[in-house]
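**Student:** Would you mind keeping the following structure in view while I ask a few things?
Taken together, the values in this text are just the output of simple stated rules run on the coordinates, not laboratory data. The shown structure was predicted, so the numbers you read here are calculated from the model rather than taken from an experiment. Using ideal geometry, Cβ is built from the backbone for each residue, glycine included, and neighbour counts are taken over all protein chains shown.
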Amino acid sequence: MNISIDDNYCKGCEICINACPKDVFAISQKRNKYGTLIPCVAEKENCIACKLCEIMCPDGCINVETEV
Amino acid sequence: MNSLLEKYIKKESLPYIFCPGCGNGIVLNAMIYAIEALGIKDDTACVSGIGCSSWIPPYLNMDVMHTIHGRAIAFAEGLKLSQPDKNIIVFTGDGDCLAIGGNHLLHAAKRNINITVIMINNYIYGMTGGQKSPTTPIDAKTKTSPYGAIDNPIDGCGVAMSAGATFCSRWTTGHPNQLKKAIQEGIAHNGFSFIEVLSQCPVQAGKSIFKERDPWKIIQYIRKNSTITSVWEDEYKEDKIRLGNFKKETDKREYCEKIITLKKRMKQE
Ligand SMILES: Cc1ncc(C[n+]2csc(CCOP(=O)(O)OP(=O)(O)O)c2C)c(N)n1
Ligand code: SF4
Ligand code: SF4
Ligand SMILES: [Mg+2]
């Protein structure tokens, strides 16, 4: 399992943090090139691969890759 | 970037112009998922008018037309008549679709032309700075209703169905999977499909309507003030806004087919 947030396009809206039913994402101190505070993947182990974050991210930044 | 979106989005035009947390990106995602599920990327064209929501198609690596304010449906009808084999999806705002473009909505619905209209209702004119739209709630203080809106908002689904739309659904950006399914069904339906999405504009509607700038809190507020139903009753008195798949009528003839029949008849006469 790999979860990534693309800092190039993330606008720090925090929808992913709220939408995830398993609290996988959290606020971080990391800023992207625009100075936007972007979330981090804090609890990767909790992910159930529902992929709600992928469809809810308005800027298409999130990738949830499940092993096959 | 999300791997599915990589196939659909022109990377060189990113980031989207949308403000952080704007619902337009979620509607775009739902539409991409629907197109992918149907496998019709190369047989589909997207048309829009003017407004923030009308900026959804230009990022797509597909056939798109970004047209003029209020006329997206009119352009889409022309495109459909010239290329009846293409699936046509219209992206339009509450202002674009129900104010300046209201007449086109009525007549496209009445014709039952096979296009799918996705109306992003953020209750306001977002792009121009927060003016009152046909869906702005009573009492909302916007740039053009500084003392509070006094007239009744229009229900886009009610209008579209009464004018003759043969497919109609309404969801919110907090129901992305239901929205994706509705878009899929709307495209597959042979007739005029109207899909309304209640969406968050955290900037303009956030300031004038919700008094809340957090996109997630606005999504939750809209969800809490809605109820899911599959029966549309014209006499509806509750405060909660109805969501669901309201209508799918398959016995009405479609407009392009009617034109083909008419042409044949004219040749014979
Ligand atoms: C003929 C014409 N009249 C007015 C405008 C100014 N204008 C641009 S967008 C817009 C309203 C947009 O509201 P909506 O359709 O709800 O889209 P949103 O930005 O909220 O997504 C208006 C009035 C215009 N561009 N063209
Ligand atoms: S939802 Fe997307 S844009 Fe918003 S904070 Fe999360 S990754 Fe960034
Ligand atoms: S003004 Fe509103 S509708 Fe327009 S991009 Fe910003 S949040 Fe979205
Ligand atoms: Mg609007």
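For (1) more than 17 Å from residue B:175 (Cα to Cα); (2) part of a loop (DSSP other than H, G, I, E, B), each residue gets a yes or a no:
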| position | (1), (2) |
| --- | --- |
| A:12 | yes, yes |
| A:18 | no, no |
| A:21 | no, yes |
| A:28 | yes, yes |
| A:45 | yes, no |
| A:49 | yes, yes |
| A:53 | no, no |
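**Student:** Spot the failing condition for residue B:220; the list is (1) away from chain A (no Cβ under 14 Å); (2) within 23 Å of the chain's Cα centre (by Cα), and only one is missed.
**Tutor:** Tallying (1) away from chain A (no Cβ under 14 Å); (2) within 23 Å of the chain's Cα centre (by Cα), residue B:220 fails exactly one: (1).
**Student:** I've got another one for you. Residues in the stretch B:68-91: is at least one assigned to a loop (DSSP other than H, G, I, E, B), within 14 Å of another protein chain (Cβ to nearest Cβ) and away from ligand 3 (no atom under 16 Å from the Cβ)?
**Tutor:** Kept after step one, since they are assigned to a loop (DSSP other than H, G, I, E, B), are these residues of the stretch B:68-91: B:68-71, B:83-86.
Within this subset, residues satisfying the condition of being within 14 Å of another protein chain (Cβ to nearest Cβ) are none.
Within the stretch B:68-91, none of the residues are assigned to a loop (DSSP other than H, G, I, E, B), within 14 Å of another protein chain (Cβ to nearest Cβ) and away from ligand 3 (no atom under 16 Å from the Cβ).
**Student:** Let me ask something additional. In the stretch B:1-22, which residues are closer than 24 Å to residue B:119 by Cα and at the interface with chain A (Cβ under 7 Å from one of its Cβ atoms)?
**Tutor:** Of the stretch B:1-22, the ones closer than 24 Å to residue B:119 by Cα are B:4-5, B:8-10, B:13-22.
Selection gives B:5, B:9, B:14, B:15, B:16, B:18, B:20, B:21, B:22.
**Student:** When you go through B:103, B:29 one by one, which is the residue that is in a helix (DSSP H, G or I) and touching a helix residue (DSSP H, G or I) at 6+ places or on another chain (Cβ under 6 Å)?
**Tutor:** Selected residue: B:29, the only one of B:103, B:29 that is in a helix (DSSP H, G or I) and touching a helix residue (DSSP H, G or I) at 6+ places or on another chain (Cβ under 6 Å).
**Student:** Would you confirm whether any residue within the stretch B:2-17 is of a type in the set (A, V, I, L, M), out of contact with any helix residue (DSSP H, G or I) (no Cβ under 7 Å at 6 or more places or on another chain) and farther than 19 Å from residue A:56 by Cα? Steps first, please.
**Tutor:** Residues of the stretch B:2-17 of a type in the set (A, V, I, L, M): B:4-5, B:9, B:14, B:17.
Remaining after also requiring out of contact with any helix residue (DSSP H, G or I) (no Cβ under 7 Å at 6 or more places or on another chain): B:14.
Then keep just the ones that are farther than 19 Å from residue A:56 by Cα; that gives none.
For the stretch B:2-17, residues of a type in the set (A, V, I, L, M), out of contact with any helix residue (DSSP H, G or I) (no Cβ under 7 Å at 6 or more places or on another chain) and farther than 19 Å from residue A:56 by Cα: absent.
**Student:** So residue B:108 passes all but one of these: (1) within 13 Å of ligand 3 (Cβ to nearest atom); (2) on the phi < 0 side of the Ramachandran plot. Which condition number does it fail?
**Tutor:** Unmet condition: (1).
**Student:** Can you run down the residue pairs with Cβ atoms below 7 Å, 6 or more apart or on separate chains, where the first is in the stretch B:8-20 and without any contact (Cβ under 8 Å) to a residue 60 or more places away in the chain and the partner is crowded, with 18+ Cβ neighbours inside 10 Å and among the acidic types (Asp, Glu)?
**Tutor:** These pairs meet every condition: B:15/A:59; B:16/A:59.
**Student:** Further, regarding this structure: Being within 12 Å of the chain's Cα centre (by Cα) and within 14 Å of chain A (Cβ to nearest Cβ) is the filter; apply it to the stretch B:43-60 and report the residue that is farthest from ligand 3 (Cβ to nearest atom).
**Tutor:** B:56
**Student:** Now for a separate question. For the structure I just gave you, tell me whether residue B:95 is of a type outside the set (S, T, N, Q), surrounded by 24 or more Cβ atoms within 10 Å (Cβ to Cβ) and either away from ligand 4 (no atom under 16 Å from the Cβ) or not in a strand (DSSP E or B) (or both). I'd like the intermediate steps shown before the answer.
**Tutor:** On the way: of a type outside the set (S, T, N, Q): yes; surrounded by 24 or more Cβ atoms within 10 Å (Cβ to Cβ): yes; either away from ligand 4 (no atom under 16 Å from the Cβ) or not in a strand (DSSP E or B) (or both): yes.
Judged against the criteria, residue B:95 is a match.
**Student:** Quick one: count up the residues across the stretch A:18-34 that are under 9 Å from the mean Cα position of the chain (by Cα) and either at the interface with another protein chain (Cβ under 9 Å from one of its Cβ atoms) or more than 10 Å from ligand 2 (Cβ to nearest atom) (or both).
**Tutor:** Qualifying residue count, the stretch A:18-34: 2.
**Student:** When you go through (1) more than 16 Å from ligand 4 (Cβ to nearest atom); (2) hydrophobic (A, V, I, L, M, F, W, C); (3) out of contact with any His (no Cβ under 8 Å at 6 or more places or on another chain); (4) under 25 Å from residue B:161 (Cβ atoms) one by one for residue B:243, which number turns out not to apply?
**Tutor:** Among (1) more than 16 Å from ligand 4 (Cβ to nearest atom); (2) hydrophobic (A, V, I, L, M, F, W, C); (3) out of contact with any His (no Cβ under 8 Å at 6 or more places or on another chain); (4) under 25 Å from residue B:161 (Cβ atoms), residue B:243 violates only (3).
**Student:** Confirm whether residue A:61 is away from every other protein chain (no Cβ under 11 Å) and not charged (D, E, K, R).
**Tutor:** No: the conditions fail for residue A:61.
**Student:** In the stretch A:35-58, what residues are within 16 Å of ligand 3 (Cβ to nearest atom) and either more than 8 Å from chain B (Cβ to nearest Cβ) or within 9 Å of the chain's Cα centre (by Cα) (or both)?
**Tutor:** Of everything in the stretch A:35-58, just one residue is within 16 Å of ligand 3 (Cβ to nearest atom) and either more than 8 Å from chain B (Cβ to nearest Cβ) or within 9 Å of the chain's Cα centre (by Cα) (or both), namely A:57.
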